[in-house]
Amino acid sequence: MTECRNLVEDDHNELMMPLNVNGLFGWLHAPPGHSQSDVAVLICPALTLDSFDSHQPLRVLADGLAAMGYPTMRFNYPDIGDSCDIADSQHWAKEHWQAWQQSIHEAADWLRRATGARHLVFCGLRIGATLATLAAEQRNDVAGLILLAPVLRGRSYLRQLWIEAGMQDGPVPPLSEGLDFDELHLSAETVRLISQVDLRHVKLPSGRPTAIFSKPDSKLLNECVEAWTNKGAEVTCFGFGGLESIIRDYVESEHPSVDTSAIIEWLRQAIPARPSRIPRTSMPGSAILRSPGCIETPLRFGPNNRLFGVLCRPYKNPRQMAVIITNSGRVPHYGFGRFGVEFGRRLAAEGITSLRMDFAGLGDSLGPAAKENLVSALFETDRTPDISAAIDALERLGHRNIAVYGSCAGAYHAFHAALADQRIGTLLLVNMPLFIWRKGETVTVARQRTFPLSHYLRMLTSLRGWSRLLRGELDSVGLLRGQLDRLCKHVLAAPLQILIPQLGHSSSETFARHALATLSRRRTNTLFLFGPDDVGIHALKESVGQRGGGLRLFEGVSMQIVPEFDHNLGRRPARHIAAAIMIDFISSSLNPTDQ
């Protein structure tokens with residue numbers, strides 16, 4: 001098999017280099033011309049949902065810092081994102097809190113060697129800001145701190161995660177027994193260590209400039225600033241206005257990434273970058289990660305190599321089958337609960353190669369020319385060219401049997417890509433919400449026209465349902481429009497269905513049945529997986545008909561409702577079940593020559 005390339009031709013990508021530091025996957029953003037600076041910046045990311053929303057904005061921040069002359073490194077902690085699993089490495093402590101702090105020191109030491117910088121600035125988001133502060137307390141080469149919405153007290157943060165876990169999974173064990181939430185599998189000891197953290201007690205060296213971007217009306221923050229100032233630290237507080245989308249992105253249409261100019265300007269004035277004369281002792285070499293049973297390689301592909309993915313290959317006896325793992329919503333390629341990484345490594349154990357990729361304008365893939373840093377629309381952006389580019393890359397590596405996995409919006413785009421690209425032989429679609437997206441529509445409106453009226457009537461029999469309606473969480477006007485749309489579709493006679501597109505509507509039923517028939521004729525194996533309450537069940541049943549055979553009319557198409565599923569596969573048991581079902585489906589559909 002031909003080895004894939006790490007290097008790229010595009011100028012931007014030449015300044016954004018993937019790296020591997022003892023199993024930590026990361027990126028070095030180099031200044032133009034790879035000039036040396038005496039100050040480098042290490043970005044310490046957040047965890048769980050905060051990390052999903054912030055991945056692309058932090059990439060844009062790193063680009064901006066590098067453009068101002070500050071070499072900047074982003075990375076994933078052990079057991080997080082694309083980095084190695086703690087259990088599979090002899091390098092990291094087996095307890096997460098200690099391992100994460102250790103990883104910051106490892107990354108910081110490497111960054112200084114790689115760039116020749118004498119001083120470092122730690123920039124952290126949420127719990128990453130907490131980790132950055134604790135690590136800075138132990139080092140004498142940290143010239144400043146940038147803390148974005150920092151977690152000031154570990155106990156409060158754990159309580160928040162515990163509540164979110166309960167909302168997702170139902171009743172969960174007390175925190176004293178540990179915490180299992182999304183990609184986090186924290187032991188009781190880790191919970192105990194985090195709960196002891198209180199940044200008011202941290203001792204920062206006198207004169208170290210520190211910028212805090214957070215809501216200014218926090219009593220705890222004021223106490224923290226006072227404590228640090230009394231110990232000689234130079235603390236400047238800024239509001240979080242304009243930065244909210246770093247950790248909460250509610251916009252579904254295409255829009256500019258977050259404006260990080262205030263952060264960059266503070267650093268430029270507080271800790272200016274000057275040329276460094278210290279020689280570099282290391283630069284990014286191989287960014288290949290090796291885990292038990294697989295080898296993972298960063299891959300640039302597509303037009304001007306602007307798309308990014310991680311190729312995960314088995315060590316031995318690879319099959320011709322390869323699975324493309326797409327973005328779920330706007331989550332980067334590692335997936336909700338890190339499912340992209342988990343699924344890819346499980347596929348490798350079965351001898352199957354995978355490519356977990358970012359669509360253009362998401363994660364680490366650039367948008368098209370002049371839109372490099374725009375956050376692309378969730379459903380409206382056509383992802384077929386991105387998926388076809390991934391197939392091209394896999395074919396160049398010798399793969400001829402292609403499957404595409406997608407969840408939610410990723411499933412929608414995988415389905416449409418299969419209609420356009422006949423090279424896709426297998427579709428793995430988890431909680432696909434709809435078949436047709438109407439331009440200008442929102443996810444909320446789409447859900448409201450898909451769920452049957454009985455769903456909302458049942459909701460209003462509960463106090464929680466009425467509470468959501470009164471708080472404005474349910475769009476009553478949109479709900480009414482959606483139900484009228486459903487009524488129109490069911491009442492109109494079949495001949496009038498032909499007129500629906502001419503009246504500005506789309507017939508989901510007509511499109512879906514035609515699409516499934518097309519895939520069936522091509523012998524495309526298609527698997528729909530749904531959680532028991534997922535909106536996509538209603539979309540599928542209405543589109544193919546609950547009578548007259550339904551999916552049984554389409555050879556190679558099957559559906560399964562899995563009781564353990566939540567929409568995002570945030571629960572660990574759900575992820576394990578999903579991977580097992582899809583691997584069985586792939587294996588059963590392989591030709592004898594692929595076995």
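Of the residues screened, residue 379 is not one that is at pLDDT 95 or above and either in the same structural domain as residue 429 (by TED's automatic domain parsing) or touching a helix residue (DSSP H, G or I) at 6+ places or on another chain (Cβ under 8 Å) (or both). On the given criteria, is residue 350 in contact with a helix residue (DSSP H, G or I) (Cβ under 8 Å, 6 or more places away or on another chain), farther than 30 Å from residue 71 by Cα and at pLDDT 95 or above? So residue 350 does not fit the description; no. I'd like to know if the stretch 279-286 contains one or more residues that are in a loop (DSSP other than H, G, I, E, B), at positive phi, at pLDDT below 95 and not assigned by TED's automatic domain parsing to the domain that holds residue 90. No, that holds for no residue.
Of all residues in the stretch 165-177, those satisfying the criterion of being surrounded by 14 or more Cβ atoms within 10 Å (Cβ to Cβ) and without any contact (Cβ under 8 Å) to a residue 40 or more places away in the chain are 165, 172, 175.
The number of residues in the stretch 178-213 being buried (at least 19 other Cβ atoms within 10 Å of the Cβ), β-branched (Val, Ile, Thr) and not in a helix (DSSP H, G or I) comes to 3. For the stretch 189-226, the set of residues classified as farther than 16 Å from residue 157 by Cα and among the small types (Gly, Ala, Ser) consists of 206, 207, 211, listed by residue number. The set of residues in the stretch 562-595 being among the charged types (D, E, K, R), at pLDDT below 95 and either more than 22 Å from residue 409 (Cα to Cα) or outside any helix (DSSP H, G or I) (or both) consists of 564, 566, 571, 594. The set of residues in the stretch 82-96 being of a type in the set (A, V, I, L, M, F, W, C) and either surrounded by fewer than 17 Cβ atoms within 10 Å (Cβ to Cβ) or within 11 Å of residue 289 (Cα to Cα) (or both) consists of 84, 87, 93.
Within the stretch 100-118, none of the residues are of a type in the set (A, V, I, L, M), touching a strand residue (DSSP E or B) at 6+ places or on another chain (Cβ under 7 Å) and part of a strand (DSSP E or B). Of all residues in the stretch 531-551, none are in the same structural domain as residue 336 (by TED's automatic domain parsing), over 26 Å from the mean Cα position of the chain (by Cα), outside any loop (DSSP other than H, G, I, E, B) and at pLDDT 95 or above.
Taken over the stretch 214-224, residues that are acidic (Asp, Glu) and assigned to a helix (DSSP H, G or I) amount to 1.
Just one of the numbered conditions (1) of a type in the set (D, E, K, R); (2) assigned to a helix (DSSP H, G or I); (3) surrounded by 24 or more Cβ atoms within 10 Å (Cβ to Cβ) is not true of residue 74: (2).
Taking interchain pairs and intrachain pairs at least six residues apart, which have beta carbon atoms under 8 angstrom, with the first residue in the stretch 502-524 and closer than 17 Å to residue 432 by Cβ and the second of a type in the set (Ser, Thr, Tyr) and at pLDDT below 90? Every condition considered, the pairs that remain are 508/543; 509/543; 511/543; 512/543; 513/543.
Answer yes or no as to whether residue 119 is at pLDDT 95 or above, surrounded by fewer than 24 Cβ atoms within 10 Å (Cβ to Cβ) and not aromatic (Phe, Trp, Tyr). Yes, satisfied.
The residues of the stretch 250-278 that are modelled with pLDDT under 80, closer than 30 Å to residue 207 by Cα and either surrounded by 13 or more Cβ atoms within 10 Å (Cβ to Cβ) or of a type in the set (A, V, I, L, M) (or both), listed by number, are 276, 278. The requirement of being over 27 Å from residue 207 (Cα atoms), among the β-branched types (Val, Ile, Thr) and part of a loop (DSSP other than H, G, I, E, B) is not satisfied by residue 151. Please find, within the stretch 532-589, the residue that is surrounded by the fewest Cβ atoms within 10 Å (Cβ to Cβ) out of those that are of a type in the set (Ser, Thr, Tyr) and in contact (Cβ under 8 Å) with a residue 40 or more places away in the chain. So, considering only residues that are of a type in the set (Ser, Thr, Tyr) and in contact (Cβ under 8 Å) with a residue 40 or more places away in the chain, the one surrounded by the fewest Cβ atoms within 10 Å (Cβ to Cβ) is 587. The single condition among (1) assigned to a strand (DSSP E or B); (2) over 20 Å from residue 144 (Cα atoms); (3) assigned by TED's automatic domain parsing to the domain that holds residue 125 that residue 248 does not satisfy is (1). Scanning the stretch 16-36 for residues that are touching a His at 6+ places or on another chain (Cβ under 9 Å) and of a type in the set (Gly, Ala, Ser) yields a single hit, 23.
Can residue 268 be described as assigned to a helix (DSSP H, G or I) and either over 30 Å from the mean Cα position of the chain (by Cα) or of a type in the set (D, E, K, R) (or both)? So residue 268 fits the description; yes. Regarding the stretch 314-335, can at least one residue be identified that is aliphatic (A, V, I, L, M) and in a loop (DSSP other than H, G, I, E, B)? Yes.
Candidates in the stretch 200-234 are the residues that are among the hydrophobic types (A, V, I, L, M, F, W, C) and more than 32 Å from the chain's Cα centre (by Cα); of these, the one that is modelled with the lowest pLDDT is 204. Against the test of being hydrophobic (A, V, I, L, M, F, W, C), under 30 Å from residue 187 (Cα atoms), at pLDDT 90 or above and touching a Pro at 6+ places or on another chain (Cβ under 6 Å), the options 40, 46, 99 yield a single qualifying residue, 99.
The values are calculated or read from the model by the stated rules, or taken from the named source; none is laboratory data. Worth saying up front: this structure is predicted, and the values here are computed from it rather than measured. When we count neighbours, we look across all protein chains shown, and the Cβ atoms used for this are built from the backbone with ideal geometry, even at glycine.
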